[in-house]
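Trainee: Dropping a structure here in structure tokens format, bear with me for questions.
The values are calculated or read from the model by the stated rules, or taken from the named source; none is laboratory data. Computed from a predicted structure; not experimentally measured. Backbone-built Cβ (ideal geometry, glycine too); neighbour counts: all protein chains shown.
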Amino acid sequence: MLIRRETPADIDDIRSVTNLAFKNGPEALLIDWLREDEGWIPELSLVAEGVLGHGVLGHVVCTRGFIGDTPALGLGPISVHPDHQRAGTGSALMHAVLGAAEARGERAVILLGSPVYYPRFGFRPASEFGITPPVPEWVPYFQARLFADVPAGAFRYAEPFNRL
């Protein structure tokens with residue numbers, strides 16, 4: 001498996017994998033909207049490519065968000081083709097995107113996800129840092145991985161997340 005930046009040739013495969021992983025939920029449409037948004041960061045849209053012509057196995061993206069006025073990243077969606085789940089593809093994508101974010105000098109990555117799964121990647125409840133989610137009911141699932149100090153405050157995702 002190879003983790004690399006998304007290219008225009010990957011867009012249809014990313015849409016397909018995302019639709020399969022999320023059972024045709026709104027996530028694939030969200031990724032399309034994010035690509036058109038000022039919060040899109042091409043270096044942080046990564047695919048896991050299979051060897052021997054297996055194509056795109058998974059995808060992860062981070063987009064520009066803010067904690068108050070402080071730039072941060074919103075991670076997601078992350079998707080893995082159902083035939084390749086629980087085989088390390090998602091973990092490889094997470095490690096790659098977090099490494100890329102840190103190398104870019106980003107201060108924080110925020111996500112909404114399983115409080116059981118994401119701590120293995122250094123995520124902790126965002127509330128421990130005084131970071132609050134856009135929707136109060138998200139608190140148990142709202143997590144942060146910090147690379148530097150950030151102020152406490154409300155997190156806001158890139159605008160397309162508001163359309164969901």
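Trainee: Does any residue of segment 36-46 turn out to be at pLDDT 95 or above, in contact with a His (Cβ under 8 Å, 6 or more places away or on another chain), within 17 Å of Asp83 (Cβ to Cβ) and buried (at least 19 other Cβ atoms within 10 Å of the Cβ)? Can you show your working first?
Mentor: Narrowing segment 36-46 to residues at pLDDT 95 or above: 36-46.
Next cut, in contact with a His (Cβ under 8 Å, 6 or more places away or on another chain) only: 45-46.
From what's left, within 17 Å of Asp83 (Cβ to Cβ): none.
Scanning segment 36-46 turns up no residue that is at pLDDT 95 or above, in contact with a His (Cβ under 8 Å, 6 or more places away or on another chain), within 17 Å of Asp83 (Cβ to Cβ) and buried (at least 19 other Cβ atoms within 10 Å of the Cβ).
Trainee: Can you run down the residue pairs with Cβ atoms below 6 Å, 6 or more apart or on separate chains, where the first is in segment 20-31 and under 15 Å from Gly58 (Cα atoms) and the partner is charged (D, E, K, R) and at pLDDT 95 or above?
Mentor: Hits for this filter: Ala28/Arg15.
Trainee: State which residue pairs qualify: first residue exposed (fewer than 14 other Cβ atoms within 10 Å of the Cβ) and inside segment 77-101, second residue part of a helix (DSSP H, G or I) in any location, beta carbons under 7 Å apart, and separation of 6 or more residues or different chains.
Mentor: Pro82/Leu20; Pro82/Ala21
Trainee: Restricting attention to segment 123-145, and to residues there that are part of a loop (DSSP other than H, G, I, E, B) and either aliphatic (A, V, I, L, M) or within 14 Å of the chain's Cα centre (by Cα) (or both), which single residue is farthest from Glu43 (Cα to Cα)?
Mentor: Val135
Trainee: While we're on this one: Tell me whether segment 70-81 contains one or more residues that are more than 17 Å from the chain's Cα centre (by Cα) and not in a strand (DSSP E or B).
Mentor: No.
Trainee: Between Gly50, Gly65, which is at pLDDT below 95 and either in contact with a Phe, Trp or Tyr (Cβ under 7 Å, 6 or more places away or on another chain) or of a type in the set (Gly, Ala, Ser) (or both)?
Mentor: Gly50
Trainee: Of a type in the set (A, V, I, L, M) and more than 22 Å from Leu164 (Cβ to Cβ), is that true of Val17?
Mentor: Against the criterion (of a type in the set (A, V, I, L, M) and more than 22 Å from Leu164 (Cβ to Cβ)), Val17 does not qualify.
Trainee: Name the single residue that is nearest to Ile11 (Cα to Cα) among those in segment 36-69 being over 14 Å from the mean Cα position of the chain (by Cα) and not in a loop (DSSP other than H, G, I, E, B).
Mentor: Val56
Trainee: Within the group Ala108, Ala158, Ala148, which residue is in contact (Cβ under 8 Å) with a residue 40 or more places away in the chain and over 17 Å from the mean Cα position of the chain (by Cα)? So that I can check it myself, show each step before the final result.
Mentor: On the way: Ala108 fails: over 17 Å from the mean Cα position of the chain (by Cα); Ala158 fails: over 17 Å from the mean Cα position of the chain (by Cα).
Being in contact (Cβ under 8 Å) with a residue 40 or more places away in the chain and over 17 Å from the mean Cα position of the chain (by Cα) holds for just one of Ala108, Ala158, Ala148, which is Ala148.
Trainee: Give segment 115-164 a look and list any residue that's loosely packed, with under 12 Cβ neighbours inside 10 Å and closer than 19 Å to Val97 by Cα, or say none.
Mentor: Residues satisfying the conditions are Arg120, Ala148.
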